[in-house]
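The values are calculated or read from the model by the stated rules, or taken from the named source; none is laboratory data. Since the structure is predicted, the reported quantities are computational estimates derived from the model, not experimental observations. Here the Cβ positions follow ideal geometry from the backbone for every residue, glycine too, while neighbour counts run over all protein chains shown. Just the protein is used for accessible areas: all its heavy atoms, side chains included, with ligands, DNA and RNA removed. Shrake-Rupley method; radii C 1.70, N 1.55, O 1.52, S 1.80 Å.
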Amino acid sequence: MGHCFALVPLAGCIGQEDLWRLWRLACLDLYHVNWLRSIVARDGQRMLCWYEAPDAESVRFVLRQQGLAGAAVYSGRLADDTRNCAIGDAQVVVECRLDNAGDEAARALAQAAVVDALAAAGYPPGQVFTASGALVRLVAGDDAAGVSACLRNHDLAPGAVWYGRELDPRPPTLFEPAADTRTSPPGSDTLTLRSESRATGQQTADATCDAAIIGAGLSGICALERMLRMGLRVRLYEAGSDVGGVWHWNRYPGARIDSESYTYGFSFQRELLRDWQWRELFAAQPEMEQYLRFVVDRLGLRQHMRFDTRVASAHYDESAQCWRLQCADGEQVTARYLIAATGSLDAAQLPDYPGRDTFAGASCHTARWPAGGVDLAGRRVGVIGTGASGVQVIQAIASQVRQLTVFQRTPSYCIPQRNRSLTDADRLRIERDWDDILASCRASFAGFIHDFDPTPGLTLPRQAREDRFERLWQTPGFAFWLGNYGDLLMNDDVNEHACEFLRRKIRERVHDGETARRLLPDHPFGAKRVPLENGYYETYNRPNVRLVDLRETPIRQITPAGVLTTGEEHLLDVLIYATGFDAGTGALARIDVRGEGGQRLSERWREGPRTFLGLLVAGFPNLFIVNGPHNAAALCNAGRCIEQNVDWIAGCIEHLRERGCRSIAPSATAEAQWTRHVEDVADATVLSRMKHSWFYGGNTPGKPQRVGIYAGGARQFHEQCEAVAMAGYAGCILG
Ligand code: NA7
């Protein structure tokens, strides 16, 4: 990274709010450009900005993205003390063009001449930027006319001299200091046992613990291990009959992970990696479930878990500052901390088609696949939905069934997963390079081994992009998505080029022209989580597979014999719903969670999720959400992001205990700021152009279309979380 400065002509006055908006839109993490400072001319005609950036082209690109074309951007040197001059200083900006661009000695002379002339006239020393072609000198104060006259008297003709004010381009910190920090004496964390339920007045046999966890998926297991390691008494409740979460419920044929398996597993114990032999580069559901069982048994976690136990309600008791949980089977527990590890993709949803329950054959949702399986061999099977689950089940079962009818509403851009078995040599390499693998995941945009290239694709010739696309397309996993150009998710031209490339691939692979046409998406690539496929498109070349485009012939109703569209009735023995989830808020909102004043979480989220860091909710003290709404985990390699979430929660609880505090909740202001930030970031990306996806909740009838994920990436999310923790949980109220 070097320093760059930009002289930006402005069309009109630019204020502090405008600057903040530009900063937000820049979504800087994606470009690896760090906007440091700005001086804006009093007449609003000009701005000087300086940046840390890989090169001047990256800065030009960011400025173009913000509609600030015409800026002169230089890669140059910045005096060391520039960062230290006070924000808000009045400054005269002297711009000099240097004709002798390539000549270092001549440049030094020109710089010395300007500096000496100003010093001789008594102007204080100030910052100087030099670059090939330009020199900028800052002079404290507002005497633009005097500075200009001084330079002319020395036969130095500046390009421009103007007076401006320094404005901070960074939006105000998201996290105001804690408004109300009350502390209790150390050691007061121990819960007072109560034998009387406040809600009912009945005598109860409450269990009491420090932390209650809901869910035994990856998040719940990770949280349980961590809380136990901290010495807390913990209980975990799981509605399913065993551990696994999504890997327990989504046991449909073909279910498979989209992260490289070895990057997804837990990192907190090296022995887990050593003693677990990943079989495939991208593990299938049975292997994932076995892995999680292996971890739980190895660490002796089962004794803290209750299976087949659905938590029906969780109410916050304000006077005791604890959560009271009621399970559907009558069990009750009281806990200081409630950790919702309910997952963002748990609440499976069935479409509300008329006649749905009249179907005479077997039907099921991919995420509630019967443990004993479904008999598909030789039968007429229909699949509704072509997201990641639909794609996987379709390509897996096509060869087993007599007739497969796929009901597609929106085609997906699927990219080849290129799965393969792992060899002993692979496993040795993984173990050897484990620390580096983890470090590169941590440093990447989304916790994968793939990371965006900071070079803007827009700046490259079309053929260079094309060649790069082909290489990425040949690479396993999400390389084409998350290892692509950094502007792929921001720039329409680059995105459309990627779309064209992928549509061409589909046409090449699907023999029937009409079927291929129906499989071509027309939305921006990457606006939804991208399905990975293993032979999906070739499936449509099979004579027993038929694609029904629901945009041409929508479903009218489900009949006892099958699916009736406006075109015809499709006769079926089995109907599979791969129709997705009430994502993000769905799982938690289905539990009767009530916070301060008895307010319901489902009610609070009625207009869309509101959270602080995707981890806390105002008015719901000590409720910690792992991998929930507004979290980076939805775009992320879940294993890596979940560990980050749990680390943060553990650190927060440590902080509370050390300070003798009993509760933490974000202030309403901090929550509103984070929610706004999440929406701003998403608005700057192509995600905002496909609001009917689960990223925006638009796939769930009746749910407002508000972004439910953090699109700024795992790295940026992590930094924000750390900043809050480092500032003593700024933005939160500790009680
Ligand atoms: P998704 O990605 O939400 O996909 C659901 C699919 O079901 C999608 O193609 C939908 O079409 C379709 N759908 C939903 N409702 C209907 C109705 N009423 N009629 C017809 N088609 C419908 O869920 P997945 O389970 O595939 O994947 C979820 C995540 O799991 C995925 O992102 C990975 O992270 C793993 P639509 O696009 O809404 O037109």
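Identify the single condition in (1) more than 30 Å from Ala527 (Cα to Cα); (2) open to solvent by 10 Å² or more (accessible area, probe 1.4 Å) that Pro351 does not satisfy, given that it satisfies every other one.
Result: Pro351 passes all but (1).
If Ala340 satisfies every condition in (1) over 19 Å from Glu596 (Cβ atoms); (2) touching a strand residue (DSSP E or B) at 6+ places or on another chain (Cβ under 8 Å) but one, which is the exception?
(1)
If you take just the helices (runs of 4 or more DSSP H) that sit entirely in the stretch 184-299, which of them hold at least 2 residues that are within 16 Å of the ligand (Cβ to nearest atom) and modelled with pLDDT of 95 or more? Full working, then the answer.
Values: elements: 218-229, 246-249, 261-264, 270-275, 285-298.
Helices (runs of 4 or more DSSP H) meeting the threshold: 218-229, 246-249, 261-264, 285-298.
Would you mind finding the one in Glu500, Glu431 that is within 17 Å of Ser261 (Cα to Cα) and part of a helix (DSSP H, G or I)? Talk me through it step by step, then tell me what you get.
Numbers: Glu500 fails: within 17 Å of Ser261 (Cα to Cα).
Answer to the selection: Glu431.
Examine the stretch 663-681 for a residue that is within 16 Å of the ligand (Cβ to nearest atom) and either among the hydroxyl-bearing types (Ser, Thr, Tyr) or under 19 Å from the mean Cα position of the chain (by Cα) (or both), and state whether such a residue exists. It would help to see each step written out before you state the result.
Looking only at the stretch 663-681, we keep the residues that are within 16 Å of the ligand (Cβ to nearest atom), and these are none.
No, the stretch 663-681 contains no residue that is within 16 Å of the ligand (Cβ to nearest atom) and either among the hydroxyl-bearing types (Ser, Thr, Tyr) or under 19 Å from the mean Cα position of the chain (by Cα) (or both).
Give me the residue from the stretch 571-586 that is open to solvent by 10 Å² or more (accessible area, probe 1.4 Å) and not in a loop (DSSP other than H, G, I, E, B) and, out of that set, nearest to the ligand (Cβ to nearest atom).
My answer is Phe581.
Which members of the stretch 282-310 meet the condition of being touching a Gly at 6+ places or on another chain (Cβ under 9 Å) and more than 13 Å from His248 (Cβ to Cβ)?
Within the stretch 282-310, the first condition is being touching a Gly at 6+ places or on another chain (Cβ under 9 Å), and the residues that meet it are 282, 284-285, 288-289, 291-293, 295, 305, 307-308.
Phe282, Ala284, Val295, listed by residue number.
Considering only residues that are of a type in the set (S, T, N, Q) and in a helix (DSSP H, G or I), look in the stretch 111-163 and name the one that is nearest to Met47 (Cα to Cα).
We begin by selecting, within the stretch 111-163, every residue of a type in the set (S, T, N, Q); these are 111, 127, 130, 132, 148, 153.
Checking the rest, the ones that are also in a helix (DSSP H, G or I) come to 111, 148, 153.
Values: Gln111: 21, Ser148: 18, Asn153: 26 Å.
Top of the filtered list is Ser148.
Being open to solvent by less than 40 Å² (accessible area, probe 1.4 Å), modelled with pLDDT of 95 or more and assigned to a loop (DSSP other than H, G, I, E, B): is that true of Leu338 here?
Numbers: open to solvent by less than 40 Å² (accessible area, probe 1.4 Å): yes; modelled with pLDDT of 95 or more: yes; assigned to a loop (DSSP other than H, G, I, E, B): no.
Against the criterion (open to solvent by less than 40 Å² (accessible area, probe 1.4 Å), modelled with pLDDT of 95 or more and assigned to a loop (DSSP other than H, G, I, E, B)), Leu338 does not qualify.
For the stretch 604-622, check the following and say yes or no: at least one residue is in the same structural domain as Leu218 (by TED's automatic domain parsing), at pLDDT 95 or above, part of a helix (DSSP H, G or I) and at negative phi.
The answer is yes, given that some residue of the stretch 604-622 is in the same structural domain as Leu218 (by TED's automatic domain parsing), at pLDDT 95 or above, part of a helix (DSSP H, G or I) and at negative phi.
Tell me yes or no: at least one residue of the stretch 332-345 is under 24 Å from Glu569 (Cβ atoms), within 16 Å of the ligand (Cβ to nearest atom) and not β-branched (Val, Ile, Thr). Spell out how you get there, then give the answer.
So in the stretch 332-345, the residues under 24 Å from Glu569 (Cβ atoms) come out as none.
No: zero hits.
Go through Cys641, Cys661 for me and flag whichever is open to solvent by less than 20 Å² (accessible area, probe 1.4 Å) and either among the charged types (D, E, K, R) or assigned to a helix (DSSP H, G or I) (or both). Break it down stepwise before answering.
Working: Cys661 fails: either among the charged types (D, E, K, R) or assigned to a helix (DSSP H, G or I) (or both).
One residue alone meets the criteria, Cys641.
With the checklist (1) part of a strand (DSSP E or B); (2) among the charged types (D, E, K, R); (3) free of Cβ contacts under 8 Å to residues at least 24 places away in the same chain in hand, flag the one item Asp99 doesn't pass.
(1)
Check the stretch 700-712 and report whether any residue there is open to solvent by less than 30 Å² (accessible area, probe 1.4 Å) and away from the ligand (no atom under 16 Å from the Cβ).
Within the stretch 700-712, the subset open to solvent by less than 30 Å² (accessible area, probe 1.4 Å) is 700, 707-712.
With away from the ligand (no atom under 16 Å from the Cβ) added as a condition, the list becomes 712.
Checking the stretch 700-712: at least one residue is open to solvent by less than 30 Å² (accessible area, probe 1.4 Å) and away from the ligand (no atom under 16 Å from the Cβ).
Residues being away from the ligand (no atom under 13 Å from the Cβ) and either among the β-branched types (Val, Ile, Thr) or assigned to a helix (DSSP H, G or I) (or both): count how many of those fall in the stretch 366-394.
Restricting attention to the stretch 366-394, the residues satisfying the condition of being away from the ligand (no atom under 13 Å from the Cβ) are 370-381.
Filter once more, keeping what is either among the β-branched types (Val, Ile, Thr) or assigned to a helix (DSSP H, G or I) (or both): 374, 381.
Within the stretch 366-394, residues that are away from the ligand (no atom under 13 Å from the Cβ) and either among the β-branched types (Val, Ile, Thr) or assigned to a helix (DSSP H, G or I) (or both) number 2.
Just a yes or no: is a residue in the stretch 552-568 under 28 Å from the mean Cα position of the chain (by Cα), open to solvent by 40 Å² or more (accessible area, probe 1.4 Å), touching a residue at least 40 places away in the same chain (Cβ under 8 Å) and more than 14 Å from the ligand (Cβ to nearest atom)? I'd like the intermediate steps shown before the answer.
We begin by selecting, within the stretch 552-568, every residue under 28 Å from the mean Cα position of the chain (by Cα); these are none.
Looking for residues that are under 28 Å from the mean Cα position of the chain (by Cα), open to solvent by 40 Å² or more (accessible area, probe 1.4 Å), touching a residue at least 40 places away in the same chain (Cβ under 8 Å) and more than 14 Å from the ligand (Cβ to nearest atom), one finds none in the stretch 552-568, hence no.
Kindly list, by first and then second residue, each pair from a residue in the stretch 396-413 that is on the phi < 0 side of the Ramachandran plot and open to solvent by less than 30 Å² (accessible area, probe 1.4 Å) to a residue that is among the small types (Gly, Ala, Ser) and more than 13 Å from the ligand (Cβ to nearest atom), limited to pairs with Cβ atoms under 6 Å and residues at least 6 apart or on different chains.
From the stretch 396-413, the pairs are Leu404/Ala398.
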